[in-house]
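The values are calculated or read from the model by the stated rules, or taken from the named source; none is laboratory data. The model shown is predicted, which means the values in this text are computed figures rather than measured ones. Counting neighbours? That spans all protein chains shown, and the Cβs are built from the backbone with ideal geometry, glycine included. We work out accessible area using only protein heavy atoms, side chains counted, and drop any ligands, DNA or RNA first. Shrake-Rupley method; radii C 1.70, N 1.55, O 1.52, S 1.80 Å.
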Amino acid sequence: AEQPAAISRLLKDRLGKHGVELDELSMSNDDLAAIDRVYMVACGTSYHVSLIARELVQDWAKIPVFCEYASELNYKEPLVTDHTLCVIITQSGETADTLTAARRMKALGCKVFAITNVLGSSAARESDGTMYIQAGPEVCVASTKAYTAQMVASALLALRLALANGSMDEDEVRGHFASLEQVPGLMEEVIRRRWQDKQAARVFRNAKSALFLGRGVNSTTAYEGALKLKEISYLHAEAYPAGEMKHGPIALLEPGFPVVAIVPADHVHDKTVSNIEESIARGATVVAVATDGDERVAKLCENVLWIPPCPEEWIVPLVAVVHLQLLARYVARARGCDVDKPRNLAKSVTVE
Ligand code: M6R
């Protein structure tokens, strides 16, 4: 419920005379323009943020991006150039794997920029620049508002890079920023519809496992939805880009098997609808996340988590994930799990 306010806070005063202001980067326009490669390094939910950030930086700033789990990067040789920017994304700012990776990238000559929630955290202290997501303390172990706030911070970074190297002009930046400004209202609308998540949670009552599917930026929404469900309800869940279903996961489907399909009104809508049809043909029970007015999905699926129309496709992950967070919470409650303090998990993982 705190997410809309967190996003509004983050966007406040960001639009300056020359597009997005991101002084925290502590880099000159020329240095920003020279960046020719970005490494995004993170763990868990923050890693999912990096996957979306990659799409935005590549699409807008035309800079190649490598996303790495910090725990993996620490045991391989990164391909660093003279102008590589390393972005670490870490809610707590204390994740040991991420800090180790940041130190290594710094030693290799990269500028390190941190996106974090915690003031004065190790990530903030050790980086060349820090952007605070200002989401406020996140009490529950599972990351929710930090996920969406980190995603917005990454979008601002992508816009700043695009403006610096001339891939985007100020008008385009303002257009994308205007889309971001709609996010708090869109999230509030989803929160108002939480009864839909409560209702859909019944599908998982006797389930042993679930499959999450999405395409493009929403394959990441599927990954994050599955992680949330696993973390707080202890229900096994896997996520795949929907087109991969036929390459293996389809074997899981049997009558009653829950499939969560993220199928907004976007350029791959028809393809994802086909995946829903294939799932239903095998007896699966599909819970869809779809855009208001989608009659095809309404006809196919009994349980639909409706989202209001979004101004651009890349905005959908910020809005759709709120449904999946709520869904995970209702499933967890129904299974008698402690939503705020799931077993075996710590808020910040300070060991490698
Ligand atoms: O504090 P960080 O963002 O660095 O934490 C990374 C992961 O440990 C964290 O996102 C974890 O996956 C959460 N439990 C997700 O809900």
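Per-structure values
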quantity: Residue list for the range 42-88, filter: in contact with a Cys (Cβ under 9 Å, 6 or more places away or on another chain), farther than 17 Å from Ala346 by Cα and within 14 Å of the ligand (Cβ to nearest atom); calculated: Ser50, Leu51, Ala53, Tyr69, Ala70
quantity: Qualifying residue in the range 168-177 (condition: within 21 Å of Val41 (Cβ to Cβ) and either under 14 Å from the mean Cα position of the chain (by Cα) or not small (Gly, Ala, Ser) (or both)); calculated: no
quantity: Residue check, Met131 crowded, with 18+ Cβ neighbours inside 10 Å and part of a loop (DSSP other than H, G, I, E, B); calculated: no
quantity: Among the candidates Pro317, Pro255, residue that is under 30 Å from Ser154 (Cα atoms) and either outside the structural domain of Cys43 (by TED's automatic domain parsing) or touching a Cys at 6+ places or on another chain (Cβ under 6 Å) (or both); calculated: Pro317
quantity: The range 73-90, residues that are in contact with a Phe, Trp or Tyr (Cβ under 8 Å, 6 or more places away or on another chain) and assigned to a loop (DSSP other than H, G, I, E, B); calculated: Pro78, Leu79, Val80
quantity: Every residue from the range 89-111 that is crowded, with 22+ Cβ neighbours inside 10 Å and more than 14 Å from the ligand (Cβ to nearest atom); calculated: Met105, Cys110
quantity: Filter result for Gly248 (at pLDDT 95 or above and not assigned by TED's automatic domain parsing to the domain that holds Gly44); calculated: no
quantity: Residues being outside any loop (DSSP other than H, G, I, E, B) and open to solvent by 20 Å² or more (accessible area, probe 1.4 Å) - total across the range 1-23; calculated: 5
quantity: Qualifying residue in the range 225-239 (condition: more than 24 Å from Arg54 (Cβ to Cβ), open to solvent by 40 Å² or more (accessible area, probe 1.4 Å) and either not in a helix (DSSP H, G or I) or not aliphatic (A, V, I, L, M) (or both)); calculated: yes
quantity: The range 53-72, residues that are outside any helix (DSSP H, G or I), in contact with a strand residue (DSSP E or B) (Cβ under 9 Å, 6 or more places away or on another chain) and closer than 13 Å to Ala162 by Cβ; calculated: Ile63, Val65
quantity: Test: Leu73 is open to solvent by less than 10 Å² (accessible area, probe 1.4 Å), among the hydrophobic types (A, V, I, L, M, F, W, C) and more than 17 Å from Leu318 (Cβ to Cβ); calculated: yes
quantity: The one condition in (1) open to solvent by less than 30 Å² (accessible area, probe 1.4 Å); (2) over 16 Å from Met151 (Cα atoms) that Ser26 fails to fulfil; calculated: (1)
quantity: Cross-chain or 6+ apart pairs with Cβ under 6 Å, the range 128-153 first and at pLDDT 80 or above, then open to solvent by 10 Å² or more (accessible area, probe 1.4 Å) and acidic (Asp, Glu); calculated: Gly129/Glu24; Thr130/Glu24; Met131/Glu24; Lys145/Glu2; Ala146/Glu138
quantity: Residue in the range 295-352 that is most open to solvent (accessible area, probe 1.4 Å), counting only those that are in contact with a Lys or Arg (Cβ under 9 Å, 6 or more places away or on another chain) and in a strand (DSSP E or B); calculated: Trp306
